[in-house]
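Worksheet: one structure, shown below.
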Protein chains: 2
Amino acid sequence: MKVKVVTRILEANDRIAEENRKRFREHNVLVINLMSAPGAGKTTLLEKTIRALDGALKIGVIEGDIAGTDDAERISGTGVPVVQINTGGACHLDANMISEVLPDVPLGELDVLIIENVGNLVCPAEFKVGEDMKVMLLSVTEGHDKPLKYPLMFRESSVMILNKIDLLDRLDVDIDKIRKDALSLNPSIKIFEVSGKTGEGISAWAEWLRGQKLP
Amino acid sequence: MKVKVVTRILEANDRIAEENRKRFREHNVLVINLMSAPGAGKTTLLEKTIRALDGALKIGVIEGDIAGTDDAERISGTGVPVVQINTGGACHLDANMISEVLPDVPLGELDVLIIENVGNLVCPAEFKVGEDMKVMLLSVTEGHDKPLKYPLMFRESSVMILNKIDLLDRLDVDIDKIRKDALSLNPSIKIFEVSGKTGEGISAWAEWLRGQKLP
């Protein structure tokens, strides 16, 4: 019973995601669905990435949160256009929420739209929003068991960014196990290591993003 | 439409949760629903708590994960009875999942049953499983913005345990803001500070747990 309901919701969602995608294609905007557990550092990564790109890509951001506008205010500080979605209680963004805010996103002026999803390692991986690729951020403070415990997120993502590597010397975390398990779930996943705090690794990721072509 | 479906699921869940709760009362077992974001350290907290109590409370554990049995194996190493639930894709435990595994839990031999929920700061807060209290764990590495971004979890929890305080000297985290915002959402929330790694603060939390009475 419950499974049937979820299937129906997912089918409806995928139809709307496809409509969103057509709009993104009309405007030649590359769209990234950025996902992670709470507090992995998505917003800080975005701030640093936007500053590293320094206008080389015209970026726009949609911020997804259960509540609050802190993240949108932080992104706004970088000067790029940003729209905040508050999901109320929902644990993920869905295609319809994105569709509803698209009139407020200046697609004609953007190269890349980054959709920062609600902090959650489960639900966001199930709901397409019309993106070209999913990028996931894993803070190394979360431990090396995450790929095998949350496999869908790692299977669905084109890129895994390991964040907070500045803390590695103080953690009992086996980063090679994270890489190995993520690659076993998803052999083509692209992996970056960064520190949102020190900025280490941000330029490599930003350069890679700059080299991405529209599908 | 979607909201209606969710309401129906929640009502059905609450009925089963109430049945679970009656069974827990029949056996005089205090039941804790332990929740956190992925990688906040729930399993390590449990291992250390069980060892700190050293048999003073007879503990049993139900482990909830999307996939895998790592956590159940770790808890098993402490010598207490443990049952693993794999939710498949579901982002939280529900009352029916707990009901289904109760025949494998030796309720008659326990003082306290701890249900370690799926790592997620959103969905688990919405689904009662028959618990007497919700306890949430927040790793200070997740940042000080979490209470206002995930308010339901902080409102619903009787206890907030701040973990990984051994890393505070390396983080730009305002722990007073976490306390203040959590208390603004939930003035009666009890707060502990611990390090699962060094063991700091574990005995205070374990002693408090030992002093809890059945409702």
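A few remarks follow.
- DSSP H segments from chain A that extend 15 Å or more along their own axis, Cα-based, with Kyte-Doolittle mean of -0.5 or above: A:42-53, A:175-185
- Counting beta carbons within 10 Å around each of B:HIS27, B:HIS144 and listing the fewest first gives the order B:HIS27, B:HIS144.
- The charge dipole of chain B, taken about its Cα centre with unit charges on the Cβ atoms of Lys, Arg (+1), Asp and Glu (-1) only, comes to about 560 debye.
- Over 28 Å [Cα-Cα, the protein assembly as shown], rounded percent: 48 percent
- The helix-based estimate of mean residue ellipticity at 222 nm for the protein assembly as shown, built from -39,500 (n - 2.57) per DSSP H run of four or more residues and divided by its residue count, is -11000 deg cm²/dmol to the nearest 500.
- Two-site label geometry, A:SER76 and A:ALA56: point separation in nm, points 7 Å out along Cα→Cβ: 2.9 nm
- Around A:ASP71: net Lys/Arg minus Asp/Glu count, Cβ-Cβ under 11 Å: -4
- Debye-formula intensities of the stretch B:152-196, expressed as log10 I(q)/I(0) at q = 0.17, 0.25, 0.31 Å⁻¹, are -0.48, -0.91, -1.13 (one equal scatterer per alpha-carbon, no solvent).
- Amide hydrogen neighbours beyond the local backbone of B:LYS58, cut-off 5 Å, H modeled: B:ASP111, B:VAL112
- Three semi-axes of the equivalent ellipsoid, the stretch A:1-128, Cα gyration tensor, whole Å, largest first: 25, 18, 11
- Overall Cα dimensions of chain B - principal axes, largest extent first, Å: 48, 46, 34
- In terms of surrounding Cβ atoms within a 10 Å radius of their Cβ, A:SER36, B:SER76 rank from fewest to most as B:SER76, A:SER36.
- Lys, Arg +1 and Asp, Glu -1 on Cβ, resulting dipole of the protein assembly as shown about Cα centre, debye, nearest 20: 520 debye
- Calculated FRET efficiency for the pair B:GLU207/B:ARG23, C-beta based, R₀ 30 Å, to 0.05: 0.60
- Three-way shape label, the stretch A:139-215, alpha-carbon gyration tensor, a/c 1.5: oblate
- Distance between the modelled labels on A:GLU200 and B:GLU100, one decimal in nanometres: 4.4 nm (7 Å Cα→Cβ projection).
- 11 Å beta-carbon shell around A:MET153, net charge (K/R +1, D/E -1): +2
- Neighbour counting of Cβ atoms within 10 Å sorts the residues B:LEU113, A:LEU209, A:LEU138, A:LEU107, fewest neighbours leading, into A:LEU107, A:LEU209, B:LEU113, A:LEU138.
- Calculated FRET efficiency for the pair A:ASP174/B:THR69, C-beta based, R₀ 22 Å, to 0.05: 0.75
- Net charge of neighbours whose Cβ lies under 14 Å from the Cβ of B:LEU45, counting Lys and Arg as +1 and Asp and Glu as -1: -1
Values quoted throughout were computed directly from the atomic coordinates according to the rules given, and no laboratory measurement underlies them. No experiment lies behind these values; they were computed from the predicted model shown. Ideal geometry is used to build each Cβ from the backbone, glycine not excepted, and the neighbour counts take in all protein chains shown.
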